[in-house]
């Protein structure tokens, strides 16, 4: 009986560890979702779950009834967002990824408990000086973001505080 109990405990433990490991890689390469559409809720949610601040996401709403199509990401009140600069970095990163990967999204709204921000595709692409749909790899996207964010005031140029 003791061997059977140990065997089942080993199986449960192995299954739990595999599930934890699977969760960290279950979304795979985020660029697998390139050319997704706003209406593809599973792809949009998978993209959001790979982005900074995802642990604080309370709700995701897809605006698909009429153009311009949008994504609204609502956040829970978290210490993560107490720093305005950190909040700005998260919004810039998330908007950049979503505009790169989701073809038809034109407006992204970030809703925090005390404030709401909207970033349009046009604003973000003008800020970068290029169309984000042209970015083909995550390395290219990371380089683009790093170059832009080297300037300490870059975020406030895009997102007025």
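Bear in mind these aren't lab numbers, they're just calculated from the coordinates by the rules spelled out. These numbers were taken from a predicted model, which means no experiment stands behind them. Cβ coordinates were reconstructed from backbone atoms using ideal geometry, including for glycine residues, and neighbour counts include every protein chain displayed.
Modelled label-to-label distance, residue 78 and residue 136, 7 Å Cα→beta-carbon offset: nm?
Output for this residue pair reads 3.4 nm.
Hey, what did the range 28-158 get for relative contact order, percent, Cα under 8 Å, at least 6 apart? Could you put the intermediate results ahead of the total?
Values: 178 pairs, mean separation 30.9, N = 131.
It rounds to 24 percent for the range 28-158.
If you take all C-alpha pairs in the range 59-134, what percent of them are over 17 Å apart?
Distances greater than 17 Å cover 43 percent of the Cα pairs.
How do 91, 145 line up, fewest other C-beta atoms within 10 Å first? Write out the running numbers ahead of the final one.
Numbers: 91 23, 145 17.
With the sparsest Cβ surroundings first, the list reads 145, 91.
On alpha-carbon atoms, Rg over Rh for the range 28-158 using Kirkwood Rh?
0.93
Tell me the label-point distance for the pair residue 55, residue 153, using the 7 Å Cα-to-Cβ offset, in nm and rounded to one decimal.
Here the modelled spin labels are 3.4 nm apart.
FRET efficiency for residue 146 and residue 106, Cβ-Cβ distance as r, R0 = 25 Å, nearest 0.05? The partial results should precede the final answer.
Details: r = 25 Å, r/R0 = 1.02.
The value I calculate is 0.50.
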